Structure formats: structure tokens, C-alpha cells
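Contents: one structure, followed by commentary.
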Amino acid sequence: MLPTNSSLPAGQLRAPDQPTLAILKELIAFDTVSRHSNLQMIDFIQAYLHQRNINARITFDDEHRKANLFATIGQGKAPGIILSGHTDVVPVDGQDWSSDPFVLTERDGRFYGRGACDMKAFIAIALAKVDAMLEADSPTPFHLAFSYDEEVGCLGVHRLLADLAQRQLSVLGCIVGEPTNMQMKTGHKGKRAFRCQVTGRSAHSSTPHAAVNAIEYSSELLAFLRTQSRELEQGPHDLLFDVPYTTMTTTMFNAGIATNTIPASSEFVFEYRYLPRQDPAPIDQRIRHFIDTVLLPEMRGKAEESAIQLQPCIDYPALETPAGAEIKNIVAARAMPGEQSKVGFGTEAGIFGKHGIDSVICGPGDINHAHRPDEFVTAEQLVLCEDFIDGLIADMAARKP
């Protein structure tokens, strides 16, 4: 059910635009959980743009199951503004939803659906404003950049950016529309995650001297990681983050086959999220040094086949928008005011920044409403984002060529 003005919360002046809601309904209906293809959604967006004589560039993954889309709106020759969003969403498995997660449902000024907050609302509004962008005939074009596999490590955007680099497109800056309650965020932490596989030697639990216990050596490494975590809490600090220091934590662990068998293998996953000013390389080096000089010599003294393998599974850079970035000033003039200017969660903005494209984060919704059952975005947030993009269009149209 689409909202009417009578269903709006007190104090809200208008409902979200009908084109926004119609497109958002379509986007929510596409099951773009990261393990699935996003091609139906990409095809829908491509067709929507084609109806307006806009050609989109598509970059595929190796299996042609997923794709990025990039399109330029307008004929302006000045450096353009990128509006960036990811098409994939997190799973709904095991979550208790009050309504179908892939059907947009409105209740009391909230729009429910998987991806409604993170981050199909921003994509829907960007698409709904394409006609206004065309009518403005701005000297500054807008670019739409929609990626795949952001939720599993910001994987797809690398191919999109590699394509842009080959074209040598001139860009003023990028706005990544992750949910920030329409406040501008100019920083986020980087993240590195590793899958650690520990290989020892099995034996009956009555003869532990003949074994290399993978659980016990994993535990020693985990204890070392916990010590590192405590040290990182001591600094450096950046008070513009809610958690002002680099964090390290273990998130998964699997080992053992029986109560009377010493395990020969174990596997766990750990991550750390580091401040923009912090170099992650020394953190990696300390972990590997402990493995190579403390754990492995003792393990291989008992069993030559012993091994500890660290396999990187997520690696994306931190974001620190340059103080003098023009995109920062443009967005600040239209974004909602807010005290906390940096976020702990990761986005593709850091990757755009590493490719020389100044970027900020600003989008509708609250990150605390994402990834959970009954994910939602409020009507108020949709309206604020519509007004924000309308303001950008007007500001860019008013610029002199």
C-alpha cells in the first residue's frame, strides 16, 4: 500500500514522491541477496535509463552472474558528480519478519523490505530524479554507479572503477548513499578480515603427547589477538568515531570431531577495523611474526606437517575525505546537520577515494535499521533525500560552465 498524506507522521509536510515509491517497490522485489545474481535488477535499471535515451555501461563478474552499472545523465562537459549505491543486500535467513521481506510494505510512515534502508532507497530516489537531471541541462553531469557484492567485501566496485580509469572520466566527487540519516560523513574505518586454518596432528585424547592440538594452538593465537585488541584500544584515537580506536575481534570458529579425539585442524575468522590514520601493515606483521616465531616452531617440533595459513577474505581501505574537497562543500550545503562526522561501518567510499575520487557518505535511513528483520526506511528520510538531490540538481544547474 502506498502512503497518503493522511498516513504521514505528525509534522511531516508531504509524502515521498510517487516515482520514488514505484521504483523502490520494484527494487525491493528483486532478491539480490549477495549469494544470488543481481542481473534482473541491473536489467530493470538499464531499461529504465534506455527509455530516456541514456546508455549504461555494464561490467560483469567472471561468471557473468553479477554486474555493475554506470551511466551519465546530461551532456555537461564539466567534471561530474557520482551517485553511488550497491545493489546487493544481506540474507533474511532465520530472521522473523512481520511481512514479506521482498514486498515493499508501508506501515505508519515506515517502508519495510530487505534493502529498504541499505540501500535501495537511495538508488530508487537517484533513478526517480533522472528526469529532473535531464531537464536541468546542467553543465555538471550526474553519474550513476551501482555495484554488486558490496556486502561481502566491496568486491564489484573495483571492476567499475577499473573501467572508469580506462575511460579517464573527469569527476568532481562521489556521494555514496549509505544510510546516514542524510547527514554527511567524511570518514570510515578500513577493514581486513582473515580466515585462519590451523593444521596439527590428530591422536586419541589419551595420548596428547603424540598430537599437535589444533584447538589449543588456535587458542594461543586467539589469546594473542585479544592482547593486540587491548593494545589497540590505547590508541591512536579519533574522537569523530563512535568507537574512537581500531578494533579487533574473532567472529567464527570451527573445530573438533569427537570428545575423545584430539583435532588435527581448526578454522576461525577474525577481523580488525582500523582508523584512517593507521597503517594496517604493522598490525598484519605482528600477527604473522607471532605465528612464525612462536607457534609454528613448537608445532613443527612435534609434527612437520603442521601449518597455520592466513587467507585474506575482506580488505577495503578507510575513508578520510580531504579537508579541501569540493564535493565536501557541495554536500555540506544540503545535508542534514550532525555531530558525528565519521562512521564505523565500511562503504565503497574508501575505494573511490583510493582511486583519486574525493568521496563522502550521505543517504537516507538509519544504519541501525539495516540488516535486521523488518528493515525499514521512514517516509521522512525518503523526503529528505529527495529534497537533497533536488537541491544538488539546482546547485549544479546554477553553476557557470
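The values are calculated or read from the model by the stated rules, or taken from the named source; none is laboratory data. Computed from a prediction, not measured in an experiment: that's the story for all the values here. Note that each Cβ is placed from the backbone with ideal geometry, even for glycine, and that neighbours are counted across all protein chains shown. These area figures cover heavy atoms from the full protein model, side chains too; ligands, DNA and RNA do not enter into them. Shrake-Rupley method; radii C 1.70, N 1.55, O 1.52, S 1.80 Å.
Observations
- Hits in the stretch 239-276 - residues which are more than 25 Å from F345 (Cβ to Cβ) and crowded, with 20+ Cβ neighbours inside 10 Å: I262, P263, A264, S266
- Matching option when the condition is open to solvent by 20 Å² or more (accessible area, probe 1.4 Å) and touching a Leu at 6+ places or on another chain (Cβ under 9 Å), among E151, E106: E106
- Selection of first residues in the stretch 36-52 that are within 17 Å of G156 (Cβ to Cβ) and of second residues that are among the polar types (S, T, N, Q) and open to solvent by less than 40 Å² (accessible area, probe 1.4 Å), restricted to Cβ pairs under 7 Å at least 6 apart or on distinct chains, gives the following pairs, ordered by first then second residue: N38/T32; N38/T87; M41/T32; M41/T87; I42/T87.
- Matching residues in the stretch 333-371 - criterion: being more than 15 Å from the chain's Cα centre (by Cα), over 21 Å from L239 (Cα atoms) and either of a type in the set (D, E, K, R) or open to solvent by 60 Å² or more (accessible area, probe 1.4 Å) (or both): A333, R334, K354, H355, G356, D358
- Verdict on T59 being over 28 Å from P373 (Cβ atoms), modelled with pLDDT of 95 or more and among the hydroxyl-bearing types (S, T, Y): yes
- Within the stretch 223-275, the residues that satisfy the criterion of being under 18 Å from F290 (Cβ atoms), out of contact with any strand residue (DSSP E or B) (no Cβ under 7 Å at 6 or more places or on another chain) and free of Cβ contacts under 8 Å to residues at least 60 places away in the same chain are A223, R226, T227, R230, E231.
- Scanning the stretch 303-320 for residues that are open to solvent by less than 70 Å² (accessible area, probe 1.4 Å) and not aliphatic (A, V, I, L, M), we see that the one that is nearest to the chain's Cα centre (by Cα) is Y316.
- Selection of the stretch 1-42 for residues being open to solvent by less than 50 Å² (accessible area, probe 1.4 Å), at pLDDT below 70 and outside any helix (DSSP H, G or I) yields P3, L8, Q12.
- Wholly within the stretch 77-174, helices (runs of 4 or more DSSP H) carrying at least 3 residues that are within 24 Å of D62 (Cβ to Cβ) and of a type in the set (A, V, I, L, M): 157-167
- In the stretch 53-80, the residues that are within 13 Å of H143 (Cβ to Cβ), hydrophobic (A, V, I, L, M, F, W, C) and out of contact with any Pro (no Cβ under 8 Å at 6 or more places or on another chain): I54, A56, L69, F70, A71
- Scanning the stretch 160-188 for residues that are open to solvent by 10 Å² or more (accessible area, probe 1.4 Å) and charged (D, E, K, R) yields D163, R167, K185.
- Candidates D366, D390, filtered to the one that is acidic (D, E), modelled with pLDDT of 95 or more and within 19 Å of I81 (Cα to Cα): D390
- The test for being closer than 23 Å to L144 by Cα, open to solvent by less than 80 Å² (accessible area, probe 1.4 Å) and part of a helix (DSSP H, G or I) holds for I330.
- Any chance A323 is free of Cβ contacts under 8 Å to residues at least 60 places away in the same chain, loosely packed, with under 14 Cβ neighbours inside 10 Å and more than 22 Å from K191 (Cβ to Cβ): yes
- The lone criterion from (1) surrounded by 13 or more Cβ atoms within 10 Å (Cβ to Cβ); (2) closer than 30 Å to C174 by Cα left unmet by R300 is number (2).
- Residue match in the stretch 277-294 (condition: crowded, with 18+ Cβ neighbours inside 10 Å, touching a residue at least 24 places away in the same chain (Cβ under 8 Å) and in contact with a Cys (Cβ under 6 Å, 6 or more places away or on another chain)): no
- Selection within the stretch 201-240 - under 27 Å from the mean Cα position of the chain (by Cα) and of a type in the set (G, A, S): S229, G235
- If you go through the stretch 109-141 and keep only what is touching a His at 6+ places or on another chain (Cβ under 7 Å) and either modelled with pLDDT under 95 or open to solvent by 40 Å² or more (accessible area, probe 1.4 Å) (or both), you end up with nothing.
- Taken together, D387, D374 contain a single residue that is farther than 16 Å from G173 by Cα and surrounded by fewer than 16 Cβ atoms within 10 Å (Cβ to Cβ), which is D387.
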